[in-house]
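Taking it in order: structure first as structure tokens, then the write-up.
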Amino acid sequence: MRTVDPQLIHDTIRDYRRCGHSVAVPPRRVWESAEPPREPSAEAGGVEDAAVNRELAWDLCYLHFLTSPLDASSRELDRMHLGMFLASWGMYRGSGFLGQRTNLLHYDAAIGVIAQYSGELTESGERGVHRVGGLHAFDVPQYPRTARETDACALFDEAWVKLERALLPEGGTSLTLVTKVMLGVWGCIPAFDSYFQEARKALQEPGDPGFSRANATALAALRGFYESHRGPFDGIRHEVGVIDPRTARRTAHPLPLGKVLDMFLWQYGAAQ
């Protein structure tokens, strides 16, 4: 993938996130609301009304699975968070299996896989109780450097196969669905959706992979793109942060770099 202007990365992600240095997401008009809008807290990175900010669907899902016990006590919430995230991100459109054949109980098998590949719950300082390890620890810097380094993504590959079987037991197209689940739960990979593919085509150079699979070849290409633009990606990662939509405040959790790449490639692809 070809290199781009660092300022383009910064501006594109800010455009996606609608953010700046002082606020994580700046005030947005509340559409036809009977309630007076909440005042944003600039120093805390607040938002005016998180409920009408669709971009925060990812934050809500990610924070839930980062802190969920992932056991019987949380199962109903786990189902609802995963199902609502996928619905808000378009996975219930059309005549697909999820939208036409399933209800929330369908996600139990996938949540079992999520529990298996998530880190252990721990408590540390201002971040509070959250998961550490597992695929929460697998991010762009841990991707293989080359297509031959398959051992580097062995845990990722195992989880992929099990999620694919759990989500689509009758088979079917899984690339966009599984990458969206992995992005929403662990933040470890961009969603390989239509805008991602548009961005990939626009940035393609001779010899680049086609990204028809989320394998070592694709991950190595994404790592190479990140390493060619490490400065702007790392900078914007800390600038925008993860928002807790329930409090409309910025959290102490840094954005996973997989999500940072997702924001850039989605917004860049949408502009093509």
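The values are calculated or read from the model by the stated rules, or taken from the named source; none is laboratory data. Model, not experiment: these values are computed from the prediction. Cβ sites come from the backbone with ideal geometry, for glycine too, and all protein chains shown count toward neighbours.
Annotations
- Cβ-Cβ under 8 Å pairs, at least 6 apart or on other chains, region 151-168 side farther than 18 Å from Phe97 by Cα, far side among the polar types (S, T, N, Q): Ala152/Gln142; Cys153/Asn215; Asp157/Thr150; Asp157/Asn215; Ala159/Gln116
- Any hit, region 85-93, residues being modelled with pLDDT under 90, under 23 Å from Gly187 (Cβ atoms), among the aliphatic types (A, V, I, L, M) and in a helix (DSSP H, G or I): no
- Any chance Val185 is assigned to a helix (DSSP H, G or I), free of Cβ contacts under 8 Å to residues at least 12 places away in the same chain and more than 14 Å from Ala218 (Cβ to Cβ): no
- Residue within region 238-247 that is at pLDDT 95 or above, crowded, with 22+ Cβ neighbours inside 10 Å and in contact with a helix residue (DSSP H, G or I) (Cβ under 7 Å, 6 or more places away or on another chain) present: no
- Enumeration of residues in region 62-93 that are under 20 Å from Gly171 (Cβ atoms) and surrounded by 13 or more Cβ atoms within 10 Å (Cβ to Cβ): Leu86, Met91, Tyr92
- Output for region 94-119, where each listed residue is part of a helix (DSSP H, G or I), surrounded by fewer than 16 Cβ atoms within 10 Å (Cβ to Cβ) and at pLDDT below 90: Gly99, Gln100, Arg101
- For region 120-140, the candidate set comprises residues that are touching a strand residue (DSSP E or B) at 6+ places or on another chain (Cβ under 7 Å), of a type in the set (D, E, K, R) and exposed (fewer than 13 other Cβ atoms within 10 Å of the Cβ); within that set, the residue that is modelled with the lowest pLDDT is Glu123.
- Boolean, Gly187 is touching a Pro at 6+ places or on another chain (Cβ under 6 Å) and under 25 Å from Leu98 (Cβ atoms): yes
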